[in-house]
Amino acid sequence: MIQASGVIICFGYILGLLFTAVPWGGCWVLGLGVVGAIFFGRRRPNIRKHLQKKDNSQAKTKTAPPLPQTTPDARVWLVAGVVGLLASLYFQSQVPVPEANDISKFVLSENTNNQEQLFIVRGKVLSKPRMTRSQRGQLWLEATQLDEVKNENGPAGVSKGVTGKLYVTVPLLQATGLHPSQQISVTGVLYKPKPPLNPGAFDFQKFLQQEGAFAGMSGRQVNILDEGRKWGWWKVREEIVRSQVRWLGIPNGPLVSAMVLGSKVVDLPYETQDRFVQVGLAHALAASGFQTSLILGVVLGFTSKATKRIQIILGSIALLLFLALTGLQPSVLRSVIMGFAALIAIGLRRKVKQLGSLLVAAVLLLLFNPLWIWDLGFQLSFLATLGLIVTVPPITKRLDWLPPMITSLIAVPLAAAIWTLPLLLYVFSVVAIYTLPVNIFSTPLISVISIGGMISALVSLILPDAGSTLAHLLYHPTHWLLKLVEFFAGLPGSTVALGSISFSQMLAIYILIILAWVVRWWQKRWWFAGIVALSLVFIPVWHSANTLFRVTVLAAGEKPVLVIQDKGKVTLINSGDEGTGRFTILPFLQQQAVNKIDWAIASDFPHNGDNAWLEVLQRLPIGIFYDYSPISENGITSQVIQKEVQKSKGIYQALSVGQTISAGSVVAQFINNQLPILQLQVLGQNWLLVGEIKTTELLELVNTKGLLRPQVLWCPGQSLKELVSALQPQVAIATSTNVDQKTLSELSQSQTKLFLTGRDGAIQWTPNGQFEIFIQAVS
């Protein structure tokens, strides 16, 4: 039973890494090992006695055959528990921590009084620059020296030797031509990443920590100090991409390159990436098992008449070349290890055990880097592969009435979706509705493009012009694939927000999937497991939609952005600056399972327009759009917004200043053109949103125009002290963190409860009267 013992020990290691998410997780795994040893240690003699009795009753000779070991020895369970404990300790030892002279240590000490302090950072470029969504170049820098810039003439003071990895963004032209191993100096502003301020927002701080970085830099100027090595695998990738883009153009060329090398090393337009993700084809842009299978299939096919040794050598070279070109990504490493397992099985003339090779690949990778256990790409890659191994056969069996090719096209994406969907819901809160038909129609095109792209990539390294010519033959398949993705992305409801499920919900769903895989009773009643899993997702969403009333003030810069959830009806007030819709509003609404905004109110607050309405309208329909701002200063006119609203079959209504509207349980009124004041009545509570206004003007409105004194006040940080003293609200919410400590100390003596969205994150209120801050809730 050596194999079973090894499996248990391997699972003990993986479980030890997973249990790092809970306090004293390693001790819990050790305790499970002790329980397993006790339970199976007692059970083992009974099993042996049963087998002995059965053997004696059937024996026809005096000598009985040796008894099979049906369960692992108790010592195996103890060893697995100890391995799990050691795994948790190993994980903690590998968690990145800033060194004593890490560059992040100098950020807060040098940036005082909230002033923008310039620095010059010298170091070595670690990565090829990539383009960000804000059209800037992004690279990783290994920092070695830090200088403070005291004036425009250059650095002053003593240079400091520093260490650490730095996340750097610079103007796109400044990043052009940079490559790994170069020594450069970057002038810009250092910053420390903040935790997410809103529910559902991207955790930039966590992302940097996973990459081993603790600070970032917004660069303004780059100077090259040393060219470094002028050749590397980055140069090979660059030549391949250049050759394929030459005659295919954009986005066709980068798409072919991404399907060969992976989107992590190719600058594919974000619009194209987003559409592939939206329809459930993100895996087509990730270098992983699909490409590895194609590579081995082609190599073994062309060498079918050669010796096994030649096949193994050529297959190994192809896998190593693929690994070098795509980089040390977890999904690529997993597929390459399983590819080598297949080659070894060919050499030994044995059938490869896919489940065993997957387990070995997981353990090897986690021994190399235990932090990958929490890498989303690693998790999705292994879950999808596990689904292909254990779920494709039963699905294929049930669809045996279809032609084999059609059965495969259905079974493969369906099996992968079953095993990855719970994790995707836990992380992203959305599901791609058309993923199955998209995968069925796109698989032939993806296969042709991937094989053709690999061939053109190899040829381009020898004859670039010939490689471009071969790549050009892929124009029509690539064009058809892009049109197919665009068609499904444009269909109504291409993605549906189901809300963020809890960890316990996700765990329960995976337990059901495993039961349907290994337990015969559940195998026969797989449909019942599916119904229970769907109930675990939809019942909480239905209950929340029919009972929840909550007002959320999002942390959205210097503008008030409010989301009001009223028993399934949603009101959005203002959209904030450009980018707020994409990175703040939409992630929050997805987490809350919101697929339609019933009412939207644009108040042109505070006098510089809402820039993010189009970002919201491109993803979510709006039922009724109330517009207090007919023409925004940024050029987005009411006609543009009206066209987008009506495209989603909504109603657009321009309002005059002073006109009162009703949006569910909310009554809103924009006071006048000159004074940016929006008054809201929310369940009988008076909310007042005030822009840059003099206190005397506001008091005049209160005394002469009948403006109600608010229970809740929103205002800019610079007006906070005067407005709180004048209006004396129960709660005051300010956007800025630039409120001096003296003002905060004085306001703390008043009866007003104070919140700062820049410090506390999103502020949420429910009818029980309690205000909650997001950062405290997640800390």
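The values are calculated or read from the model by the stated rules, or taken from the named source; none is laboratory data. Worth saying up front: this structure is predicted, and the values here are computed from it rather than measured. With ideal geometry, Cβ positions are generated from the backbone for all residues, glycine too; neighbour counts draw on all protein chains shown. Quick note on the areas: whole protein, heavy atoms, side chains included, nothing else; ligands and nucleic acids left out. Shrake-Rupley method; radii C 1.70, N 1.55, O 1.52, S 1.80 Å.
Condition check ((1) touching a Ser or Thr at 6+ places or on another chain (Cβ under 9 Å); (2) touching a residue at least 12 places away in the same chain (Cβ under 8 Å)) across all residues:
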position: Pro393; (1), (2): no, no
position: Ala411; (1), (2): yes, yes
position: Leu424; (1), (2): no, yes
position: Val427; (1), (2): yes, yes
position: Thr435; (1), (2): no, yes
position: Ser450; (1), (2): no, yes
position: Gly453; (1), (2): yes, yes
Subset of segment 605-664 [at pLDDT 85 or above and aromatic (Phe, Trp, Tyr)]: Trp613, Phe625, Tyr626, Tyr652
Per-region count, segment 160-179, residues open to solvent by 60 Å² or more (accessible area, probe 1.4 Å) and either more than 18 Å from Ser134 (Cβ to Cβ) or touching a His at 6+ places or on another chain (Cβ under 8 Å) (or both): 1
Any hit, segment 532-544, residues being touching a residue at least 12 places away in the same chain (Cβ under 8 Å), hydroxyl-bearing (Ser, Thr, Tyr), open to solvent by 10 Å² or more (accessible area, probe 1.4 Å) and within 19 Å of Lys596 (Cβ to Cβ): yes
Any pair with Cβ under 9 angstrom, 6 or more apart, that starts in segment 742-753 at a residue that is under 11 Å from Ala732 (Cα atoms) and ends at one that is surrounded by 14 or more Cβ atoms within 10 Å (Cβ to Cβ) and of a type in the set (Ser, Thr, Tyr): none
Selection count where residues are outside any helix (DSSP H, G or I) and within 20 Å of Trp419 (Cα to Cα), scope segment 277-332: 6
Selection from segment 408-424 of residues that are among the hydroxyl-bearing types (Ser, Thr, Tyr) and at pLDDT 90 or above: Thr420
Residue in segment 548-562 that is in contact (Cβ under 8 Å) with a residue 60 or more places away in the chain, β-branched (Val, Ile, Thr) and either in a helix (DSSP H, G or I) or touching a Gly at 6+ places or on another chain (Cβ under 7 Å) (or both) present: no
Some residue of segment 285-297 being in contact (Cβ under 8 Å) with a residue 40 or more places away in the chain and farther than 30 Å from Tyr434 by Cβ: yes
Failed condition for Ala489, given (1) closer than 25 Å to Ala415 by Cβ; (2) among the small types (Gly, Ala, Ser); (3) open to solvent by 50 Å² or more (accessible area, probe 1.4 Å): (3)
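Would you check if there is a residue in segment 304-314 being in contact with a helix residue (DSSP H, G or I) (Cβ under 7 Å, 6 or more places away or on another chain), in contact (Cβ under 8 Å) with a residue 12 or more places away in the chain, over 20 Å from Val245 (Cα atoms) and of a type in the set (D, E, K, R)? So that I can check it myself, show each step before the final result.
Filtering segment 304-314 down to residues in contact with a helix residue (DSSP H, G or I) (Cβ under 7 Å, 6 or more places away or on another chain) leaves 308, 311-312, 314.
Next, only the ones that are in contact (Cβ under 8 Å) with a residue 12 or more places away in the chain stay: 308, 311-312, 314.
With over 20 Å from Val245 (Cα atoms) added as a condition, the list becomes 308, 311-312, 314.
Going one step further and asking which of them are of a type in the set (D, E, K, R), we end up with 308.
For segment 304-314, residues in contact with a helix residue (DSSP H, G or I) (Cβ under 7 Å, 6 or more places away or on another chain), in contact (Cβ under 8 Å) with a residue 12 or more places away in the chain, over 20 Å from Val245 (Cα atoms) and of a type in the set (D, E, K, R): present.
Which residue is most open to solvent (accessible area, probe 1.4 Å), if the candidates are limited to segment 346-405 and must be outside any loop (DSSP other than H, G, I, E, B) and polar (S, T, N, Q)?
Gln354
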Enumeration of residues in segment 705-719 that are modelled with pLDDT of 80 or more and either in a helix (DSSP H, G or I) or open to solvent by 50 Å² or more (accessible area, probe 1.4 Å) (or both): Gln711
Test: residue in segment 243-263 that is modelled with pLDDT under 90 and among the hydroxyl-bearing types (Ser, Thr, Tyr): yes
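Restricting the search to segment 563-591, which residues are assigned to a strand (DSSP E or B) and in contact with an Asp or Glu (Cβ under 6 Å, 6 or more places away or on another chain)?
Quick first cut of segment 563-591, residues assigned to a strand (DSSP E or B) only: 563-566, 569-573.
The answer is Lys569, Val570.
Within segment 749-758, work out how many residues are under 24 Å from the mean Cα position of the chain (by Cα) and surrounded by fewer than 19 Cβ atoms within 10 Å (Cβ to Cβ).
Of segment 749-758, the ones under 24 Å from the mean Cα position of the chain (by Cα) are 757-758.
Next cut, surrounded by fewer than 19 Cβ atoms within 10 Å (Cβ to Cβ) only: 758.
Number of matching residues: 1.
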Long-range neighbours under 9 Å by Cβ, at least six apart or interchain, first residue over 18 Å from Thr420 (Cβ atoms) within segment 356-379, second open to solvent by 40 Å² or more (accessible area, probe 1.4 Å) and of a type in the set (D, E, K, R): Asn369/Asp375
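To keep it simple, each residue is scored yes or no on (1) within 30 Å of Phe774 (Cα to Cα); (2) open to solvent by less than 60 Å² (accessible area, probe 1.4 Å).
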residue: Ser181; (1), (2): no, yes
residue: Val186; (1), (2): no, yes
residue: Tyr191; (1), (2): yes, no
residue: Phe202; (1), (2): yes, no
residue: Ala215; (1), (2): yes, yes
residue: Asn223; (1), (2): no, no
residue: Val236; (1), (2): no, yes
residue: Gln244; (1), (2): no, yes
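Hand me the list of helices (runs of 4 or more DSSP H) wholly inside segment 429-533 holding 1 or more residues that are closer than 30 Å to Ile240 by Cα.
Numbers: elements: 435-462, 464-472, 475-490, 503-518, 520-524.
In segment 429-533, the matching helices (runs of 4 or more DSSP H) lie at 435-462, 464-472, 475-490.
Sort out which residues of segment 455-483 are open to solvent by less than 30 Å² (accessible area, probe 1.4 Å) and touching a residue at least 40 places away in the same chain (Cβ under 8 Å), and write them in order of number.
From segment 455-483, those open to solvent by less than 30 Å² (accessible area, probe 1.4 Å) are 456-457, 460, 467-468, 471, 474, 477-478, 481; that's our starting set.
Matches in segment 455-483: Ser456, Ala457, Ser460, Gly467, Ser468, Ala471, Leu474, Thr478, Leu481.
Matching residues to (1) in a loop (DSSP other than H, G, I, E, B); (2) in contact with a Phe, Trp or Tyr (Cβ under 9 Å, 6 or more places away or on another chain); (3) open to solvent by 50 Å² or more (accessible area, probe 1.4 Å); (4) free of Cβ contacts under 8 Å to residues at least 40 places away in the same chain:
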{"position": "Gln639", "(1), (2), (3), (4)": "no, no, yes, yes"}
{"position": "Lys643", "(1), (2), (3), (4)": "no, yes, yes, yes"}
{"position": "Gln653", "(1), (2), (3), (4)": "no, yes, yes, yes"}
{"position": "Ser656", "(1), (2), (3), (4)": "yes, yes, yes, yes"}
{"position": "Ile661", "(1), (2), (3), (4)": "no, yes, no, no"}
{"position": "Val667", "(1), (2), (3), (4)": "no, no, yes, yes"}
{"position": "Gln679", "(1), (2), (3), (4)": "no, yes, no, yes"}
